[in-house]
1. Which residue is modelled with the lowest pLDDT, if the candidates are limited to segment 126-142 and must be in a strand (DSSP E or B) and closer than 17 Å to R26 by Cα?
2. Identify, from the list G8, G89, G62, the residue that is surrounded by fewer than 19 Cβ atoms within 10 Å (Cβ to Cβ) and in contact (Cβ under 8 Å) with a residue 24 or more places away in the chain.
3. Quick test for you: out of A130, A141, A67, A113, pick the one residue that is among the hydrophobic types (A, V, I, L, M, F, W, C) and free of Cβ contacts under 8 Å to residues at least 12 places away in the same chain.
4. R11: charged (D, E, K, R), touching a Pro at 6+ places or on another chain (Cβ under 7 Å) and under 16 Å from D125 (Cα atoms), yes or no?
5. Would segment 31-38 turn up any residue that is farther than 21 Å from A6 by Cβ and either within 16 Å of the chain's Cα centre (by Cα) or not in a loop (DSSP other than H, G, I, E, B) (or both)?
6. Take the conditions assigned to a helix (DSSP H, G or I) and within 30 Å of D147 (Cβ to Cβ) and apply them to Q63. Does it pass?
7. Evaluate segment 118-125: report whether one residue or more is closer than 17 Å to A20 by Cα, charged (D, E, K, R), in contact with a helix residue (DSSP H, G or I) (Cβ under 6 Å, 6 or more places away or on another chain) and not in a helix (DSSP H, G or I).
8. Taking segment 105-117, which residues are farther than 13 Å from Y79 by Cα, assigned to a helix (DSSP H, G or I) and charged (D, E, K, R)?
Amino acid sequence: MGGELAAGFSRTARGALLAALHIAVRANAQWGPRVFEPTIQRQVTGPDAATLLASTRTLYVGQRERARVAYGTALGRAYSVLEGFRWLGYSPEVASLDLVSAGPGDSDATVRAVTRIQLQWRDGDWRVVAPPGGTWGGSAASVDSLDGYLRFPDGSG
């Protein structure tokens, strides 16, 4: 951790994986602008980076009003867990992987989604490429199981 950023990842597959986890999670409205703004501004690249920042700000404002928290405050607890991943490709310059997250659905069912994360090595660290259209939903799809994915230790899957 350096200031408000998780940074300094090694130029290895493990470093790319850790960068993907940290940056993608921190580039989320849930944690408030003190976390998502510097994360997106300094650690997200690509043609849709500005759109991701704008859409995350808009999402935060709407959710903040519903949560009735002061501006800048995190929106509360996140009810999801990262369960596993699958490499799509890795080199010292670029990496691509799918991350599986799980959270509560209707009737106490667990709902899983897989999100594609692409990274580039730039300026001495990994950067996440903004998802197409500037929203994580555009890179996500539902998944029924963790078959074919490497599970994280202590994952709930």
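The values are calculated or read from the model by the stated rules, or taken from the named source; none is laboratory data. Owing to the predicted nature of the structure, the values given are computational and were not obtained by experimental measurement. Cβ atoms come from the backbone with ideal geometry, glycine included; neighbour counts cover every protein chain shown.
1. It comes out as A140.
2. On the way: G89 fails: in contact (Cβ under 8 Å) with a residue 24 or more places away in the chain; G62 fails: in contact (Cβ under 8 Å) with a residue 24 or more places away in the chain.
From the options G8, G89, G62, the qualifying one is G8.
3. Working: A130 fails: free of Cβ contacts under 8 Å to residues at least 12 places away in the same chain; A141 fails: free of Cβ contacts under 8 Å to residues at least 12 places away in the same chain; A113 fails: free of Cβ contacts under 8 Å to residues at least 12 places away in the same chain.
Result: A67 is the single residue among A130, A141, A67, A113 that is among the hydrophobic types (A, V, I, L, M, F, W, C) and free of Cβ contacts under 8 Å to residues at least 12 places away in the same chain.
4. yes
5. no
6. No: the conditions fail for Q63.
7. Taking every residue of segment 118-125 in turn, none turns out to be closer than 17 Å to A20 by Cα, charged (D, E, K, R), in contact with a helix residue (DSSP H, G or I) (Cβ under 6 Å, 6 or more places away or on another chain) and not in a helix (DSSP H, G or I).
8. Selection gives D106 alone.
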